[in-house]
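The values are calculated or read from the model by the stated rules, or taken from the named source; none is laboratory data. None of these values were measured; they are calculated from a predicted model. Cβ placement follows ideal geometry from the backbone for every residue including glycine, while neighbour counts extend to all protein chains displayed. Side chains included, ligands, DNA and RNA excluded: accessible areas come from the protein's heavy atoms. Shrake-Rupley method; radii C 1.70, N 1.55, O 1.52, S 1.80 Å.
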Amino acid sequence: MFRTRALLARSLAPLGDRILVRRAAKEVQTAGGIYLPSDKSKSPNEGEVVAVGPGMRDVSGTLHAPTLKAGDAVLLPEYGGSKIKIEDEELFLYREDDILGKFEG
């Protein structure tokens with residue numbers, strides 16, 4: 001039974017206000033053209049939303065839907081998130097409050 005990576009990521013549905021994110025690829029070349037070894041480059045602070053949970057309920061039971069949707073480009077904190085590995089692809093699970101911002105355009 002073969003599944004594509006996109007199908008596997010979609011089969012993982014985040015709960016509550018959690019957001020499943022794929023981090024952008026590490027930059028291996030600087031603006032000046034110098035190639036960096038892969039272990040020396042920092043993890044990128046940008047990513048793409050893969051899946052979004054239904055949102056959180058407050059004490060009165062009202063559902064607060066998340067502001068992000070699948071496909072949004074987001075700014076991530078340098079540390080944090082729960083690393084999830086699906087078929088050699090690393091995805092990260094964040095709470096919506098942990099995500100720093102959303103890129104427009």
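When segment 94-105 is filtered for residues that are part of a strand (DSSP E or B) and either over 17 Å from residue 12 (Cα atoms) or of a type in the set (S, T, N, Q) (or both), the ones remaining, listed by number, are 101, 102. Selection of first residues in segment 79-105 that are closer than 19 Å to residue 53 by Cβ and free of Cβ contacts under 8 Å to residues at least 12 places away in the same chain and of second residues that are open to solvent by 40 Å² or more (accessible area, probe 1.4 Å) and of a type in the set (Asp, Glu), restricted to Cβ pairs under 8 Å at least 6 apart or on distinct chains, gives the following pairs, ordered by first then second residue: 83/90. Consider segment 1-24 and keep the residues that are of a type in the set (D, E, K, R), open to solvent by 70 Å² or more (accessible area, probe 1.4 Å) and modelled with pLDDT of 75 or more. The one that is farthest from residue 91 (Cα to Cα) is 18. Only one entry in 55, 47 is touching a residue at least 24 places away in the same chain (Cβ under 8 Å) and closer than 11 Å to residue 23 by Cβ, namely 47.
Listed here are the residues, each with its yes/no results for (1) at pLDDT 90 or above; (2) open to solvent by less than 50 Å² (accessible area, probe 1.4 Å); (3) part of a strand (DSSP E or B).
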| site | (1), (2), (3) |
| --- | --- |
| 26 | no, no, no |
| 31 | no, no, no |
| 41 | no, yes, no |
| 51 | yes, yes, yes |
| 60 | yes, no, no |
| 68 | yes, yes, no |
| 79 | no, no, no |
| 84 | yes, yes, yes |
| 92 | yes, yes, yes |
